[in-house]
Structures are given as C-alpha cells and as structure tokens.
Amino acid sequence: MKNSIYKILALLVIGLIVGCKDYLDVTPESQFESDSFYSSPQEAEIALAGIYGVIASDQGYGRDLPVIADAGTDETFYNRRFNENWGIALYRNTPADDESFNIWTNQYQAINLANLFIESIEPANFETEEQFNALLAEARFLRALCYFNLSNLWEEVPLRLSSSKNQEDNNEPAASLAEIYEAIIEDFEFATQNLPHPTDPLFTEGRAHKLAAHGLLARVYLKMSGFPLKENRYAEALAHADSVISDGFHALRTSNDTTGYELLFKDLIGGPYDAREVLFEISFQNLRDIGLLDVDGRHGNINGINFGSNSTLGDPNGFAQTGVYPGLANLFNQNLDKRYLWNIATFKRNSAGNIFPIASELAIRDFCPAKFRRWEPANFEDIAVDSDDEAFVELELDRVGELNRNFTNINFPVLRYSDVLLMYAEAANEVSGGPTALGLQYFNEVRNRAGLWNLEDSASTSAIAADQQLFFEELVDERSRELCFEGLRRFDLVRWELLEEKLIETKAIVEGHPDFSANNEDHLSTLRPAENFNPAIHLSLPYPLVEVTINQSLDQKDGW
C-alpha cells in the first residue's frame, strides 16, 4: 500500500514537472510544493525522483544530451542525408533550433527543482542530520551536474542558485566561467562529504553517491585545465581521481570466460545493477521502481544497430540514426581489441527478418554504434544473406513490461571507473611532465581488459610510455576506444582544442576510403560536419532565441 501511495505522489510531482515545456513558464512556489510537500523523508525522496525524471527524459540523458549533442565529432554523425536535423551535430544550428533549446530548458528545469528542494527541506523533518544532509547533497549533486553540462555546451550561462518565483527572477546575465565552476565545485564537494558511500545502507541503486561526486570533480578540473578557461587544475583532477581509485570499492568489470567490457554493457542493457564499474548512471529501471512510469530512453534505438522493425512480430525498432566514421574503426586493433565487435555494428537485420553483414564502412545507415544494442544473433556464424529471424534473440531490455517499439530501458552510464583510470593517467601525465608509474598502470588496466598488452612491454609502443606528448596522443585515441558513444567525445575534443583538427582528419579519412565516391550523396553527406564547422562560433552553442528574448539581461553571443 505504501508503494502505491509513493507512486501516486511521484506521478503527481512528475506531472507538475514535465507538464511545462519551458522552465521560464514554471511557477514553482505553489502552496502544495513549498509549504507541505517536503515535510517528510518520503516526500523528499519523491521530489528527488522528480529531478531524476527530468534529466532522464528525451531532452536530457534519454537522447539529446549524450547522443545528438555529442555527434559531429570524429566518432559519429547524423546519417540521414536527405534532411538537416540534428543541427548541433551538422554545425547548421541556429539560436532558434529546438534541440539546443530543449537541452537548455531540460537542464534548467532540473536546476530549478533542485533549488526549490534545497530551499524547502528542513532538518527538523528528518530523523538524523545525516539523513537530511544526504538528501540535500543529492540535490546539490544533480544541480552541479546540470550546470556542468550547460557550461560545457554554452560556456557562460546564467547562474541561478535560487528557485524562480516570478518572471523577474529569470532576468539573469551570464555568469563568468570562474563563478560557474566555483558553484559546481562547491556543490560536488558538499556531495563528497555528505552523500553515502555505495556500500552504505543509505545508498539506493541508481542514485548519486560520494565516489561519483569525486569522479565528476576530476572531470570538472580536467575541463577547467583545458579550453576555454585554461587554468592548470590537473593536480586537483589527479587528487579526486585518486580518491575514487584508492577507496578500493570500484573496479573494472572482468570475466574469465568472456570480455568484461561486453558483460558490463549487457548489464546496462538488461542485467542486474552493478555499481562496481559504473559510478553513476541514468537508471531507467530504478526510476520505474520508484513510480516514474513514463521515463524511458532512446539508447539502442537511435544510436544502436540497424534493426528493421516488423510490427506483426512485435519487434523493437532500431532507427540507427547515428553513423560511425571509419576513422573510429581504424583506432582499434580489430584482431585483438575485444571492444571493437561490441562497439561497432558488423551486421544488421531488415524488416523481412534477413540478417546481413555490413557491406562497407561507408554504408552510412548500417555502420552504426552497437554498444547499446537491443538485440544480437544467437549465433554470429549464422549471419549471411540467407539467414532468417530465428537466428536472433532479444536481449532483455524492459524488465517491467512489454518491449516498446521506439523506447528502451537501456541504462546510460554518466561516469565509469575506466574513465576515472584514464582521467588519472591524463592528469598525472600533465602534473609530472610525462607518464608516471601509476598512470601507466591504470592506463594499462583499461587496455588489458580489452585484451591488449602493456604499453611499455612492446617495441611498437614502448616509446609512448616514456614521452608526455606521445602518451597524450595515445590517450586521446584510448578514450575514444573505451568511451565511444557515451557522450564524452565533443567534451574531450573541445577541452583539448582538437575538434577542428579531428574533423579535418575525419573528412580526409572518408574521402580516402577505397569505397568513397564523389558521386554518392550518402558519402558526401558524411562530410557535412567538417565542411560546416566554423571554430569562431561552433566551440559552444548560441543561447536559445526564446531565452534571449525573455531574459532581458542576457545578450546573444557574437557571431549569432
């Protein structure tokens, strides 16, 4: 009975949240919300669930933030040549584009709800100070995450640390990056001190914990060390990555009989919750468990294997709108690296049920990400032109009900332990002027899990292990091999000031591919990101037109 009550309350709260399309129209200070809703731990939990529900939606981590806003790098591109959707990825975006407006609105909706939560909960309503501080820290963790996402995409943004009560509260100028990062760091630091450890009885699966806050602080300090702020904060990044590693709880997923990398993602797709390697994820299943029944993602649908749907068979769909550049495939040792066949599709299925190998890396609607897959062959040897649908098995995606044709319950990893190991290696390389023993050890742990040798143990790679620049260049490639399609590539290339260089390099690889034809419109469409990119305006997004129209204190960026 209690769970039913919680679900009803959660649905009521999420209705209040998502019923408004624009945070500028939200009037959060209602009698229900501020005076009575946060009066018990149960109601506070429901309110936090509402924040998670916002950031998990299509406009947040369910689709736009990690997929659309991260395409148009050297990893992925929008693969529908006959239109120019995904303007961010094609560098054809304008201030009036829906996609950037939706991300902006989504993140500020979550921030406003977090602000309201922080202002409204009272210590007297909780049994212990520890319980109160943990819930407060969770709201601050989510607020920091949203501001970090906004600053990564837009750089300077309005810094709202109190809830919007009327239109005048929205008239806020863009804060400096220093001010934004100060607020982000303060929130995450509070989270490191007050969130539970993942082994703590207070920890709930799929929620934030203190080690995730340390890991995201490492990411924040690496960003601050790069473009556009360019402060040297590598020592802080190193310290926070070390806090995660030295704690000893987190570890890479490994297995004796198959690749741990594959098992890790099969768990994200439909297996048991595993908090060891994934420090923080958007867990659609856990959100459903607390009553948010309409929270789903699009992972494995728009960024998965091409799967021609047959509605009469009840098939899920695989739109496969995300194409993979051949340059990414070239980064893998395809004979040895166990990540290659899991990350990149080598097969597809049409609506008739026939299974085909991918004909070419330039078959742009087939050569797609496979990391978040909805299905795979029961026997990979059966992949042939004459194969039929019986060769395939569905991975268990929806652990609650029927598979949805267009939406999935595949959980999305925001931060993994392998990322922490690579962040440590990167920061140590910068702090020490070259790879350190521990930095190499952690870097090699990621390689070893993929079936590769230690850098220093081979004549072909030993020089990399002894040189700062060569090690950095290898790390640039290794982060792509390990973390591709996880919403981090644009973030990395911008902070390293490599986005333009990698787009030019990607264009050259496509044009030099033996299957490339200058008369093939599909092939030419893959060149759009490189041809449209302008470093003067495309290293960050323009402010949404609606925002600069309504927010009288915010001027549009130069060049837009």
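Tally up the carbon and sulfur contribution to the accessible surface of the stretch 158-303 as a whole percent, 1.4 Å probe, everything protein left in place.
Exposed carbon and sulfur together represent 46 percent of the surface.
Run the accessible area of the stretch 393-509 with a 1.4 Å probe and give the carbon-and-sulfur part as a rounded percent.
49 percent
Normalized C-alpha radius of gyration of the stretch 403-560, against 2.2 N^0.38 Å?
Dividing the Cα radius of gyration by 2.2 N^0.38 Å gives 1.34.
When ligands, DNA and RNA are left out and all protein chains stay put, how many square angstrom of accessible area per residue does the stretch 106-162 have with a 1.4 Å probe?
Here the per-residue accessible area is 29 Å².
Tell me, how many Å apart are the Cα centres for the stretch 108-122 and for the stretch 171-191?
Comparing the Cα centres of the stretch 108-122 and the stretch 171-191, I get a distance of 15 Å.
From the P(r) of the chain, could you give the percentage of C-alpha pairs in the tail past 33 Å?
In whole percent, the share of Cα-Cα pairs in the chain beyond 33 Å is 41.
Could you list which residues have their amide H under 5 Å from that of Thr76, counting only those 5 or more apart in sequence or on another chain, with H placed in the peptide plane?
Excluding prolines and chain starts, which carry no amide H, the hits are Tyr325.
Roughly what angle does helix 417-432 make with the longest principal axis of the chain, taking Cα atoms, 0 to 90 degrees, to the nearest 10?
Roughly 90 degrees between the two axes.
Once phi is turned into θ = phi - 60°, what whole-Hz ³J(HN,Hα) does the Karplus curve with 6.51, -1.76 and 1.60 give for every residue of the stretch 491-502, x standing for Gly and Pro?
So the Karplus estimates, Gly and Pro as x, are 3, 5, 5, 5, 5, 7, 6, 10, 4, 4, 4, 6 Hz.
Using a 1.4 Å probe, what is the accessible area per residue for the stretch 475-560, in Å²?
Values: 3540 Å² over 86 residues.
Dividing the accessible area of the stretch 475-560 by its residue count gives 41 Å².
Which cross-chain or sequence-distant (5 or more) residues have an amide H under 5 Å from the amide H of Ile344, H modelled 1.01 Å from N in plane?
Answer set, sorted by chain and number: Ala370.
What are the residues whose amide H is under 5 Å from the amide H of Thr408, where those residues sit 5 or more places off or on another chain and H is modelled from the backbone?
Here the answer is Gly297, Arg298, His299, since their amide H atoms fall under 5 Å of that of Thr408.
I need the P(r) histogram for the stretch 171-306: all alpha carbon pairs, bin width 5 Å from 0 out to the longest distance, whole percents.
P(r) for the stretch 171-306, in whole percents per bin: 2, 9, 14, 17, 16, 16, 14, 9, 3, 0, 0, 0.
How large are Rg and Dmax for the stretch 61-121 when only the alpha carbon atoms are used, in Å?
Rg then Dmax for the stretch 61-121, in Å: 14.8, 51.
Which whole-Hz couplings ³J(HN,Hα) result when phi for each residue of the stretch 158-172 is put into the Karplus expression 6.51 cos²θ - 1.76 cosθ + 1.60, θ = phi - 60°, listed in order with x for Gly and Pro?
x, 9, 9, 10, 9, 6, 7, 9, 7, 4, 4, 5, 7, 7, 10
From the residues Ser40, Asn354, Thr259, which one has its Cα farthest along the dipole of the chain in the positive direction, the dipole being from +1 and -1 charges on Cβ of Lys/Arg and Asp/Glu about the Cα centre?
Asn354
Please turn the phi angles of the stretch 107-115 into ³J(HN,Hα) values with the Karplus equation 6.51 cos²θ - 1.76 cosθ + 1.60 (θ = phi - 60°), one per residue in order, whole Hz, x for glycine and proline.
My calculation for the stretch 107-115 gives 5, 6, 4, 5, 4, 4, 5, 5, 4 Hz in order.
Angle, helix 129-154 long axis vs. longest principal axis of the chain, Cα atoms, 0 to 90°, nearest 10?
50 degrees
Which pairs, out of Lys371/Lys507; Lys223/Lys348; Lys210/Lys557; Lys210/Lys502, put more than 30 Å between their alpha-carbon atoms?
Lys223/Lys348; Lys210/Lys557; Lys210/Lys502
Using a 1.4 Å probe on the protein heavy atoms, what percent of the accessible area of the stretch 45-139 belongs to carbon and sulfur?
Whole-percent figure for carbon plus sulfur exposure: 42.
Of Phe372, Ser553, Ala241, which is farthest on the positive side of the dipole of the chain, counting Cα position, with +1 on Lys and Arg Cβ, -1 on Asp and Glu Cβ, and the Cα centre as origin?
So the residue we want is Phe372.
Grab the DSSP H runs of the chain that are 4 residues or longer, score each as -39,500 (n - 2.57), total them, divide by all residues and round the 222 nm result to the nearest 500 deg cm²/dmol.
Values: 20 runs with 241 residues, N = 560.
Value at 222 nm, helices only, nearest 500: -13500 deg cm²/dmol.
Provide the FRET efficiency to the nearest 0.05 for the Glu511-Ala124 pair, computing r from the beta carbons and using R0 = 60 Å.
After rounding to 0.05, the efficiency reads 0.35.
How high is the relative contact order of the chain, in percent, with contacts defined as C-alpha pairs under 8 Å that are six or more residues apart?
Numbers: 1006 pairs, mean separation 104.6, N = 560.
About 19 percent, as a whole number.
The values are calculated or read from the model by the stated rules, or taken from the named source; none is laboratory data. What you see is a predicted model; the values in this text were computed from it and never measured. With ideal geometry, Cβ positions are generated from the backbone for all residues, glycine too; neighbour counts draw on all protein chains shown. All accessible areas refer to the heavy atoms of the entire protein, side chains included, with ligands and DNA or RNA removed. Shrake-Rupley method; radii C 1.70, N 1.55, O 1.52, S 1.80 Å.
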